[in-house]
Amino acid sequence: MLILGASHNTRLRNCGAKSCLIMPDSRYLLNHQIDILKRYNPSEIYMTIGYDADRVIERKFELRLIENQKFEETGEANDLRLFFNLCRPERLLILSGDLYLRLAIIGDTQYTGSWCVGSDGTDNKEEIGFSSEFDRITDFSYLFKSKLSGFIMLEAQEIELAKRFLNRETSRCAIWEVLEGIIKKGANLRPIHVSSNRLVKLNGIRDLNFLKNNFI
């Protein structure tokens, strides 16, 4: 299991902390994420760090940290590459470091195979969305209404395709670009559509206030 947490979301500047260190209640967002991931599998959880790495390290969360020292010039693709350099998982659950999940999401994602969770009910044009056909994701665009949430499961074939995609030339890619790349190579990613009350992607103070008023 991997939390992508190396980058810095500039839209969270007004929240006073990087996303995983935001406190929607008496605990950090990262504590909530760890609790959810442990319900899927009690095995080891990894997290990539870069921006504000020292603040994450000193809080001694229950996970293993992988430092992306080039976080300013690379994307989530490099986070994945660093993880695969250390681990050879048969299944990999990936979680974006700025995502708050409700416990009910577990019941929505009890599927075998590789999948991506899309959040419906939002028209935020700043978030990448995806389209699907015959229960298979086919394309990514900012115009699609089902938004890629950053909660992803990869199994054997998709993991191998991702490893082949990751190299120096693709190190700046975002996670959706990695997924787009492996789909073109034959990856089968199932779309899982959930309502917006299952998760909140923190992109600013407005999202944080929504989280506190409606989820906590």
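From (1) part of a helix (DSSP H, G or I); (2) of a type in the set (S, T, N, Q); (3) open to solvent by less than 70 Å² (accessible area, probe 1.4 Å), pick out the condition that doesn't hold for Asn85.
Here Asn85 meets the rest and fails (3).
Which one is modelled with the highest pLDDT, of the residues in the range 1-53 that are within 23 Å of Phe215 (Cα to Cα), of a type in the set (S, T, N, Q) and part of a loop (DSSP other than H, G, I, E, B)?
Residues of the range 1-53 within 23 Å of Phe215 (Cα to Cα): 3-5, 9, 11-40.
Next, only the ones that are of a type in the set (S, T, N, Q) stay: 9, 14, 19, 26, 31, 33.
Keeping just the survivors that are part of a loop (DSSP other than H, G, I, E, B) gives 9, 26.
Numbers: Asn9: 66, Ser26: 84.
Here the residue is Ser26.
So Leu189 passes all but one of these: (1) touching a helix residue (DSSP H, G or I) at 6+ places or on another chain (Cβ under 6 Å); (2) modelled with pLDDT of 80 or more. Which condition number does it fail?
(1)
Are any of the residues in the range 163-173 at pLDDT 95 or above, under 16 Å from the mean Cα position of the chain (by Cα) and not in a loop (DSSP other than H, G, I, E, B)?
no
Name every residue in the range 44-77 that is open to solvent by less than 20 Å² (accessible area, probe 1.4 Å), touching a helix residue (DSSP H, G or I) at 6+ places or on another chain (Cβ under 9 Å) and either in contact (Cβ under 8 Å) with a residue 60 or more places away in the chain or among the small types (Gly, Ala, Ser) (or both), in order of residue number. Write out each step before concluding.
Filtering the range 44-77 for residues open to solvent by less than 20 Å² (accessible area, probe 1.4 Å) gives 45, 47-50, 53, 56, 66, 68, 75, 77.
Going one step further and asking which of them are touching a helix residue (DSSP H, G or I) at 6+ places or on another chain (Cβ under 9 Å), we end up with 45, 47-50, 56, 66, 68, 75, 77.
Scanning the range 44-77 gives Gly50, Asn68, Gly75, Ala77.
Under 6 Å between Cβ atoms, which residue pairs at least 6 apart in sequence (or on different chains) link something in the range 90-103 that is touching a residue at least 40 places away in the same chain (Cβ under 8 Å) with a partner that is open to solvent by 20 Å² or more (accessible area, probe 1.4 Å) and part of a loop (DSSP other than H, G, I, E, B)?
What qualifies is Arg91/Glu155; Leu93/Met1; Asp98/Asn9.
Restricting attention to the range 110-119, does a residue exist that is open to solvent by 60 Å² or more (accessible area, probe 1.4 Å), among the β-branched types (Val, Ile, Thr) and not in a strand (DSSP E or B)? If you could, list the steps in order and put the result at the bottom.
Taking the range 110-119 as the starting set, the residues that turn out to be open to solvent by 60 Å² or more (accessible area, probe 1.4 Å) are 110-112.
Then keep just the ones that are among the β-branched types (Val, Ile, Thr); that gives 112.
Checking the rest, the ones that are also not in a strand (DSSP E or B) come to 112.
Looking for residues that are open to solvent by 60 Å² or more (accessible area, probe 1.4 Å), among the β-branched types (Val, Ile, Thr) and not in a strand (DSSP E or B), one finds at least one in the range 110-119, hence yes.
It is to be established whether one or more residues within the range 122-134 are in contact with a Gly (Cβ under 8 Å, 6 or more places away or on another chain) and in contact (Cβ under 8 Å) with a residue 40 or more places away in the chain. Full working, then the answer.
First, the residues of the range 122-134 that are in contact with a Gly (Cβ under 8 Å, 6 or more places away or on another chain): 129-130.
So of that shortlist, the ones also in contact (Cβ under 8 Å) with a residue 40 or more places away in the chain come out as 130.
Yes: one or more hits.
Does at least one position in the range 166-175 carry a residue that is touching a residue at least 60 places away in the same chain (Cβ under 8 Å), out of contact with any His (no Cβ under 6 Å at 6 or more places or on another chain), closer than 23 Å to Thr109 by Cβ and not β-branched (Val, Ile, Thr)?
Yes, the range 166-175 contains at least one residue that is touching a residue at least 60 places away in the same chain (Cβ under 8 Å), out of contact with any His (no Cβ under 6 Å at 6 or more places or on another chain), closer than 23 Å to Thr109 by Cβ and not β-branched (Val, Ile, Thr).
Just to be sure, is Ile152 crowded, with 22+ Cβ neighbours inside 10 Å and out of contact with any Lys or Arg (no Cβ under 8 Å at 6 or more places or on another chain)?
Working: crowded, with 22+ Cβ neighbours inside 10 Å: yes; out of contact with any Lys or Arg (no Cβ under 8 Å at 6 or more places or on another chain): yes.
Against the criterion (crowded, with 22+ Cβ neighbours inside 10 Å and out of contact with any Lys or Arg (no Cβ under 8 Å at 6 or more places or on another chain)), Ile152 qualifies.
Which of the following residues is assigned to a helix (DSSP H, G or I) and crowded, with 22+ Cβ neighbours inside 10 Å: Glu177, Glu158? Walk me through it before giving the result.
Values: Glu177 fails: crowded, with 22+ Cβ neighbours inside 10 Å.
Answer to the check: Glu158.
Of the numbered conditions (1) open to solvent by less than 60 Å² (accessible area, probe 1.4 Å); (2) outside any loop (DSSP other than H, G, I, E, B); (3) of a type in the set (S, T, N, Q), Asn197 satisfies every one except a single condition; which is it?
Looking at each condition in turn, Asn197 falls short on (1).
The values are calculated or read from the model by the stated rules, or taken from the named source; none is laboratory data. Just so you know, these numbers come straight off a predicted model, no measurement behind them. Cβ atoms come from the backbone with ideal geometry, glycine included; neighbour counts cover every protein chain shown. To get the accessible areas, we keep the full protein, side chains included, count just its heavy atoms, and leave off ligands, DNA and RNA. Shrake-Rupley method; radii C 1.70, N 1.55, O 1.52, S 1.80 Å.
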